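Some notes on the structure that comes next.
The values are calculated or read from the model by the stated rules, or taken from the named source; none is laboratory data. All figures in this text were calculated on a predicted structure; none of them were measured in a lab. Note: ideal-geometry Cβ built from the backbone for every residue, glycine included; neighbour counts use all protein chains shown.
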Amino acid sequence: MIGSIIGDIAGSIHEFTGNRDPHVDLFPPDSEATDDSILTLATCEAILTGRDYGSVYRAFGRMYPDPMGGYGLRFHDWVHSDDPAPYGSWGNGSAMRVGPIGYAFDDVDEVLRQAHRSAAVTHDHPEGIKGAQATALAVLLARQGIGKEGIRTAISGRFGYDLGRTVESIRPTYGFEDSCQHTVPEALIAVLDANSFEEAVRNAISLGGDADTLGCIAGGVAQALFRDVPTMWFAIAMDQLPAHLLDVAERFCERYPQAAGIFPGT
């Protein structure tokens with residue numbers, strides 16, 4: 001789960017730049033945690049407390065009203081609505097916040113159910129739900145030791161995503177995308193085309209797209225798959241968080257050690 005925050009921070013200053021260079025500095029001075037990290041940690045809080053996902057997303061959205069990058073307009077309106085209802089979105093917001101579910105739950109059906117619940121409070125379009133489920137399931141499968149080809153087969157078979165492409169084939173023509181259907185597959189390919197956590201994050205933020213969200217999704221899966229996140233990067237991620245969010249992250253990692261990179265048998 002901390003990998004999601006690292007990926008978000010690494011991509012934060014590249015969100016609208018069209019960056020296609022995988023060799024950029026991952027943590028320049030202007031980089032910071034964005035709405036992707038805030039809502040990822042809201043998912044953590046919902047899991048820890050058993051509260052409804054929607055109520056926690058609204059609470060965190062109001063508590064942190066102006067993050068770097070900003071919330072989507074419809075999500076912003078939903079947060080501040082007196083009568084919030086899902087708004088049929090297929091945007092990638094449902095996928096960028098779902099990573100903790102893949103770390104907290106151990107059963108495929110339960111991960112899919114929880115991912116559906118987390119998405120449907122806002123992103124109740126089938127593509128919005130599918131993107132969240134695919135991301136959470138990829139984290140679970142990676143955490144359970146399923147290799148890259150197993151993940152590729154399982155996710156493409158269940159969700160119909162084309163995961164047979166490569167980063168090199170995507171990069172020349174890919175642009176800014178905020179849909180699940182054109183963000184989640186690319187983020188997963190960034191991981192499947194990598195040999196380390198760092199390479200996965202660099203792949204994601206070099207696609208020229210929604211870099212913080214691509215990095216967030218890829219980082220969460222890559223942490224579970226490669227289990228090689230540098231200790232210094234954990235420290236950088238935690239240092240970026242205000243005290244309240246840091247407390248959420250620490251409590252989640254204490255309950256689910258794999259979210260902090262501590263896996264059984266490693």
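Per the listing GLY18, GLY88, GLY70, the residue uniquely exposed (fewer than 15 other Cβ atoms within 10 Å of the Cβ), touching a residue at least 24 places away in the same chain (Cβ under 8 Å) and closer than 25 Å to VAL111 by Cα is GLY88.
Taken over segment 1-28, residues that are in a loop (DSSP other than H, G, I, E, B) and either touching a Cys at 6+ places or on another chain (Cβ under 8 Å) or among the β-branched types (Val, Ile, Thr) (or both) amount to 3. Checked against the criterion of being closer than 24 Å to ALA237 by Cβ, touching a residue at least 60 places away in the same chain (Cβ under 8 Å) and touching a strand residue (DSSP E or B) at 6+ places or on another chain (Cβ under 8 Å), the candidates ASP178, ASP210 yield just one match: ASP178. Considering every residue within segment 245-255, establish whether at least one is modelled with pLDDT of 95 or more, of a type in the set (Phe, Trp, Tyr), within 18 Å of LEU141 (Cα to Cα) and outside any loop (DSSP other than H, G, I, E, B). There is no residue in segment 245-255 that is modelled with pLDDT of 95 or more, of a type in the set (Phe, Trp, Tyr), within 18 Å of LEU141 (Cα to Cα) and outside any loop (DSSP other than H, G, I, E, B). Within segment 216-237, can one find any residue that is touching a Gly at 6+ places or on another chain (Cβ under 7 Å), within 21 Å of CYS180 (Cα to Cα) and part of a loop (DSSP other than H, G, I, E, B)? No, the conditions are met nowhere in segment 216-237. Pairing residues of segment 133-146 that are surrounded by fewer than 23 Cβ atoms within 10 Å (Cβ to Cβ) with residues that are assigned to a helix (DSSP H, G or I) and among the hydroxyl-bearing types (Ser, Thr, Tyr), at Cβ distances under 8 Å and at least 6 apart in sequence or on separate chains, gives ARG143/TYR103. If the condition is being surrounded by fewer than 24 Cβ atoms within 10 Å (Cβ to Cβ) and acidic (Asp, Glu), then segment 184-195 contributes only ASP193.
Looking at segment 84-168, what helices (runs of 4 or more DSSP H) fall wholly within it and have at least 2 residues that are at pLDDT 95 or above and under 22 Å from GLU45 (Cβ atoms)?
Once the helices (runs of 4 or more DSSP H) in segment 84-168 are filtered for at least 2 residues that are at pLDDT 95 or above and under 22 Å from GLU45 (Cβ atoms), what remains is 93-96, 99-104, 108-120, 126-143.
When you scan segment 196-215, do you find a residue that is at pLDDT below 95, on the phi < 0 side of the Ramachandran plot, surrounded by fewer than 24 Cβ atoms within 10 Å (Cβ to Cβ) and not in a helix (DSSP H, G or I), even just one? No: zero hits.
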